1. Filtering the stretch 126-148 down to residues that are open to solvent by less than 30 Å² (accessible area, probe 1.4 Å) and aliphatic (A, V, I, L, M), which residue is farthest from Arg14 (Cα to Cα)?
2. Looking at this structure, is Thr2 on the phi < 0 side of the Ramachandran plot, modelled with pLDDT under 95 and within 35 Å of the chain's Cα centre (by Cα)?
3. Pull up the stretch 56-83, narrow it to residues that are within 34 Å of the chain's Cα centre (by Cα) and open to solvent by less than 60 Å² (accessible area, probe 1.4 Å), then point me to the one that is farthest from Gln192 (Cα to Cα).
4. Would you confirm, using the coordinates I've provided, whether Val123 is modelled with pLDDT under 95, in a helix (DSSP H, G or I) and surrounded by 12 or more Cβ atoms within 10 Å (Cβ to Cβ)?
5. Can you confirm whether Gln118 is in contact (Cβ under 8 Å) with a residue 12 or more places away in the chain and outside any loop (DSSP other than H, G, I, E, B)?
6. What is the one condition in (1) free of Cβ contacts under 8 Å to residues at least 60 places away in the same chain; (2) open to solvent by less than 30 Å² (accessible area, probe 1.4 Å); (3) among the aliphatic types (A, V, I, L, M) that Ile113 does not satisfy?
7. Could you list, in sequence order, all residues of the stretch 100-112 that are in a helix (DSSP H, G or I) and touching a strand residue (DSSP E or B) at 6+ places or on another chain (Cβ under 7 Å)?
8. State which residue is most open to solvent (accessible area, probe 1.4 Å) when the search covers only the stretch 22-55 and only residues that are of a type in the set (Gly, Ala, Ser) and either within 10 Å of Glu78 (Cβ to Cβ) or not in a strand (DSSP E or B) (or both).
Amino acid sequence: VTAKITRGMLILSRRLTSSQEYAADNKTNKDKTLVIEHPIRSGWKLVDTQKPFEATPAVYRFKGVAPANKVTTLVVKEELVRDETTMMVSANLGELLAYTRTGEIPKDVRDAIGKAIQLKQAVLDLDRQIAERNGQIASITNEQNRIRENMKTVAPTTQYYERLLAKLNEQESSIERLQKERDDLVARRDAQQRELDQYLGGLTVG
């Protein structure tokens, strides 16, 4: 139905509808008075339905005439409007993206969701880059362990030992570079996360 944002909390109002048809087949030659009882459900309200002549805590009672030799129908329509809340800071990006395409949601709310998506995507991109650097560091470290094991079996005076040692030094430089890149990315990610938290923490729209 609609949506609003309160301090980073997306509050969606959804309308559920229900329709129940009752049919009475009067096979006699006389009109008959008909009373139909329909259960009352908490929160549900009658819409586009004739007014009941009576209501108890448990049922609505509708009165009508069932004409002779005819089938009489009564349609009872109800609706329930309920709110659902979503913490935008932890919400799935796909879910948020779907809300930006929902025409029933006001444009200013959809625009605010769109900005939150951009900020969240930036955090996720940086997380992915951090994970890539950590993976590369782990891979090189494993390779270094293998090289060190090989060096234990090789005489230090051989060219092969020298090549292994040079490879280790080269890998150490690579690890230092990757660690610096990772640390820079972590700092950027943390700053981006703070920007997202500050944006959502003060975000109230609709």
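1. Filtering the stretch 126-148 for residues open to solvent by less than 30 Å² (accessible area, probe 1.4 Å) gives 126, 130, 137, 144, 147.
Restricting the remaining residues to those that are aliphatic (A, V, I, L, M) gives 126, 130, 137, 147.
Working: Leu126: 35, Ile130: 39, Ile137: 48, Ile147: 62 Å.
Residue satisfying both the conditions and the ranking: Ile147.
2. Working: on the phi < 0 side of the Ramachandran plot: yes; modelled with pLDDT under 95: yes; within 35 Å of the chain's Cα centre (by Cα): yes.
Considered against the rule, which asks whether it is on the phi < 0 side of the Ramachandran plot, modelled with pLDDT under 95 and within 35 Å of the chain's Cα centre (by Cα), Thr2 comes out as yes.
3. Going through the stretch 56-83, the residues within 34 Å of the chain's Cα centre (by Cα) turn out to be 76-83.
Adding the requirement that they be open to solvent by less than 60 Å² (accessible area, probe 1.4 Å) leaves 76, 78-80.
Working: Val76: 53, Glu78: 46, Glu79: 43, Leu80: 40 Å.
So the residue we want is Val76.
4. On the way: modelled with pLDDT under 95: no; in a helix (DSSP H, G or I): yes; surrounded by 12 or more Cβ atoms within 10 Å (Cβ to Cβ): yes.
Judged against the criteria, Val123 is not a match.
5. Numbers: in contact (Cβ under 8 Å) with a residue 12 or more places away in the chain: no; outside any loop (DSSP other than H, G, I, E, B): yes.
No.
6. Unmet condition: (1).
7. Here is the first cut: in the stretch 100-112, the ones in a helix (DSSP H, G or I) are 100, 107-112.
Hits for the stretch 100-112 are Asp108, Val109, Ala112.
8. In this case the residue turns out to be Ser42.
The values are calculated or read from the model by the stated rules, or taken from the named source; none is laboratory data. The structure presented is a predicted model; accordingly, all values stated were derived computationally and were not measured. Here Cβ is always computed from backbone atoms with ideal geometry, including for glycine, and neighbour counts include all displayed protein chains. For accessibility, only protein heavy atoms count, side chains too; no ligands or nucleic acids. Shrake-Rupley method; radii C 1.70, N 1.55, O 1.52, S 1.80 Å.
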